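A.B. asks: One structure, pasted below without further comment.
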Amino acid sequence: MTQNTATNNTLGENDLNILEKIFDPEGMTSAPPQKKPELPEGPTLNLDASVLQKIKALEVEGIKFAEEGSLDSAIEKFTEIIKLEPKYSSAYNNRAQAYRMSNKMENCLEDLDSAIKFGLETHDNNTLKQAYTQRGLIRKTRGEDELALQDFELGSKFGNALAKKIAVQENPYAKLCSAMVKEMMANAKQI
């Protein structure tokens, strides 16, 4: 007599691979996407060492102000960075967070759009994963579910674990497949 693997709650390797593809948006693996070999590893801004040093110092100051709740001072520091280097995507992302904490959502979204624009231009994957995820969260709270899902999927592609988790939960195909698998498992237990 053959055993039904579903009643034993054990799945074969092939079954597990299929389930992984079902619950992984767009069939992504748990690892972030591999960068194309011709792309540089990090942000590609050609900055003078002294300018970069000043930017990093201002960024640390801005983050410290934000952590202390001095949001206007944090916004000023991030704005100084943007004046020094208008394509420095991390400054837009950080300023967006300060705007969000100040409940200035329109300014926040404008900066997230800029962080994404310049992050894509300069291949700043770290900023991209944060900016897409943050924008997705804001869009979700505004009821813009389709746009939010797109942002979560992109945040996931750039390596944000939270974005991946949300994208899987919100993906309508994954929801449907999940319901179907649960129903099949329940039916298999009754056999």
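The values are calculated or read from the model by the stated rules, or taken from the named source; none is laboratory data. Here the structure is a predicted model, which means the values were calculated and not measured. All Cβ positions, glycine included, derive from the backbone under ideal geometry; neighbour counts span all protein chains shown.
A.B. asks: Confirm whether Glu170 is in contact with a Leu (Cβ under 9 Å, 6 or more places away or on another chain), acidic (Asp, Glu), surrounded by fewer than 20 Cβ atoms within 10 Å (Cβ to Cβ) and over 26 Å from Ala57 (Cα atoms).
C.D. replies: Considered against the rule, which asks whether it is in contact with a Leu (Cβ under 9 Å, 6 or more places away or on another chain), acidic (Asp, Glu), surrounded by fewer than 20 Cβ atoms within 10 Å (Cβ to Cβ) and over 26 Å from Ala57 (Cα atoms), Glu170 comes out as yes.
A.B. asks: Also: Go through the stretch 50-72 and report how many residues are surrounded by 16 or more Cβ atoms within 10 Å (Cβ to Cβ), of a type outside the set (A, V, I, L, M, F, W, C) and within 12 Å of Ala98 (Cα to Cα).
C.D. replies: Within the stretch 50-72, residues that are surrounded by 16 or more Cβ atoms within 10 Å (Cβ to Cβ), of a type outside the set (A, V, I, L, M, F, W, C) and within 12 Å of Ala98 (Cα to Cα) number 1.
A.B. asks: Suppose the filter is crowded, with 21+ Cβ neighbours inside 10 Å and modelled with pLDDT under 90; does Lys164 pass it?
C.D. replies: yes
A.B. asks: Could you say which residue among Tyr132, Tyr92, Tyr99 is touching a Leu at 6+ places or on another chain (Cβ under 6 Å) and closer than 30 Å to Ala49 by Cα?
C.D. replies: Just one listed residue meets the conditions, Tyr132.
A.B. asks: Let me ask something additional. Could you list, in sequence order, the residues of the stretch 70-112 that are among the acidic types (Asp, Glu) and farther than 26 Å from Arg142 by Cα?
C.D. replies: Scanning the stretch 70-112 gives Glu76, Glu80, Glu85.
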